[in-house]
Amino acid sequence: MGLHRTAYRFFLGIFFIALANPSIAQQKLNGMELPDVLTMNNGIKVTTARQWRNQRRPELLTFFKKEMYGQSPGKPVNMTFKVFDTDTKALGGKATRKQITVYFNGKADGPQMDILMYLPNQVKHKVPAIVGLNFDGNQSVNNDPAIKMSNSWMDKTKGVVNNRATEATRGVDAGQWPLEMILAKGYAVATVYRGDIDPDYDDGFKNGVQGLYPQLQNRGDNFATVAAWAWGLSRILDYLETDKAVDAKRVGVFGFSRLGKAAVWAGATDERFPLVISNESGAGGAKLFHYTGGERIRRLCTKFPHWFCGNFKKYMDQDSILPFDQHMVIALIAPRPVYIASAEGDTNSNPEAEFWGAKGADPVYRLLGTDGLPASSWPPVSTPVIGRIAYHVRPGGHNVTDYDWAQYLKFADRYLK
Ligand code: GCU
């Protein structure tokens, strides 16, 4: 009886959603139907680059800000930078290390983040750079003892005591940040601890940068955590624009997992990033919700209620009938190059659904005159497909490996050099 009633409610729900959205044009992808990235809300098909640029792209951006990621403020007017460390002989002389504190409201006791940056010493002109947030504090990305120890709130993992990093956390994530490999290719690296921008727990936005923007709280499209991290990535770029050693027009944005979700959103919202790299960003990143398998909206919204804005919660259990999906977010990056990478064993991110998310953005890249993603089916492992949209799936689990970085650097060489 109970089962019947649940099934009845479910079908009634679908019926009313279908009734409310009679005109959602579909985009066919591998036998799956997705809401069409190139049909306007008013049903008009987008056929020119100008229509995309002036109408469809703004419409989608407005939608995702309102319904999923929330609103973000602009560049803070009083923000200041303080370079507190410069060492021209870092990493055995191969690099120059700089550390910079960003005071978001210009006040030393206000919210702030520390940028850790390495520049390749062998390059004598302005260098391109890769920016990305890190999971466990700047001191976790390398054993370099001069990296400032994070004092921000941290999850209880790997050498963290009372939610604070200890010396035992130095270099714990070095495997995911092969600095010497990146520097050898002539790129600078700039990274910030995610928790400097917003601590990764549901604290009602009491901590983190949200405190500076009370007008963006207590509303359905509130400034939530993934958007705050993306906003923080833009603030790193603000600093790089002031650093004469860097060519700020050639800064790629990188992110892994939840920080990959942030990198994708940073790429979508900040067109100053000419290249985007999503390493296993999964649900809320590159993964299609319509595709069965992997993390669903209910889990995102209940396990991590702070990541997306309040309005997003109304889409729980509607994954396969959503009026939108992540191919539209990736399309907001077009025509800028974007690399989506998966790992075979990363079922939570659902590698195949990440591939189709990338492929779903392809019509926009093609409309804008690029080659899009030159693959018609999910490629085998260790077989990168490289176009203006690139994709690979490698063997192994949820991680960032040298193999991943080798592909990203080749991709960056193609588009940033
Ligand atoms: C969890 C979460 C994912 C996220 C991942 C990570 O597994 O479900 O959405 O990407 O954490 O950030 O490592």
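Taking a quarter of the surface of the convex hull around the Cα atoms of segment 326-417, what do you get in nm²? Please report the intermediate quantities before stating the final value.
Values: hull surface 22.0 nm².
The directionally averaged projection comes out at 5.5 nm².
Tell me the per residue accessible area of segment 182-334 using a 1.4 Å probe; a whole number in Å² is fine.
Values: 4090 Å² over 153 residues.
Normalised by residue count, the accessible surface of segment 182-334 is 27 Å².
How large is the convex hull of the C-alpha atoms of segment 126-196 per residue, in Å³? Don't skip to the end; give the middle numbers.
Values: hull volume 6.0 nm³, N = 71.
So the per-residue hull volume is 84 Å³.
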antiparallel share of DSSP beta bridges within the chain, to nearest 5, in %, is 55
Near-label residues of segment 370-396 by backbone N, under 16 Å of a point 7 Å along Cα→Cβ of Ala49: 370-372, 388-389
Helix 258-269 sits at what angle to the longest principal axis of the chain, using alpha carbons and giving 0 to 90 degrees rounded to 10? 80
With the contact rule set at Cα under 8 Å and sequence spacing of 6 or more, what percent relative contact order holds for segment 295-417? 23
Could you list which residues have their amide H under 5 Å from that of Thr39, counting only those 5 or more apart in sequence or on another chain, with H placed in the peptide plane? Val46
Relative to the chain, whose Cα atoms define the longest principal axis, helix 2-20 and its Cα axis are tilted in degrees, nearest 10, by 90
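Using the heavy atoms of the protein chains and a 1.4 angstrom probe, tell me the accessible area per residue for segment 50-126 in square angstrom. Don't skip to the answer; put the middle values down first.
Working: 3890 Å² over 77 residues.
That works out to 51 Å² for each residue.
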Charges on Cβ only, +1 for Lys and Arg, -1 for Asp and Glu, centred on the Cα centroid of segment 260-417; of Val400, Phe289, Pro379, which one is farthest towards the dipole's positive end? Phe289
Could you state the angle between the C-alpha long axis of helix 351-360 and the longest principal axis of the C-alpha atoms of the chain, as a value from 0 to 90 degrees rounded to the nearest 10? 80
Label-point separation, Thr347 to Glu33 (7 Å along Cα→Cβ), nm: 2.9
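In debye, nearest 20: dipole of the chain around its Cα centre with unit charges on the Cβ of K, R (+) and D, E (-)? Intermediate values should be presented prior to the final figure.
Values: 50 positive and 40 negative charges, 160 e Å.
The calculated dipole for the chain is roughly 780 debye.
Within 10 Å, count the other beta carbons around each residue, average over each peptide in 156-168, 120-132, and list them highest first. Write out the running numbers ahead of the final one.
On the way: 156-168: 13.5, 120-132: 18.5.
Order by mean packing, descending: 120-132, 156-168.
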Per q in 0.13, 0.14 Å⁻¹, report the Debye log10 I(q)/I(0) for the chain, using one uniform scatterer on each alpha carbon and no solvent. -1.12, -1.30
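How many percent of the accessible area of segment 73-219 is carbon or sulfur, using a 1.4 Å probe?
Values: 3320 of 6390 Å².
Carbon and sulfur: 52 percent of the exposed surface of segment 73-219.
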Roughly how many Å² of Glu295 are accessible to a 1.4 Å probe, to the nearest 10? 10
Once you sort the root eigenvalues of the Cα gyration tensor of segment 73-219 as a ≥ b ≥ c, which label holds: rounded (a/c under 1.5), prolate (a/b larger than b/c) or oblate (the other case)? oblate
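The values are calculated or read from the model by the stated rules, or taken from the named source; none is laboratory data. This is a predicted model, so every value here is computed, not measured. Please note: Cβ atoms are built from the backbone with ideal geometry, for glycine as well, and neighbour counts cover all protein chains shown. Note: areas computed on protein heavy atoms with side chains; ligands, DNA, RNA excluded. Shrake-Rupley method; radii C 1.70, N 1.55, O 1.52, S 1.80 Å.
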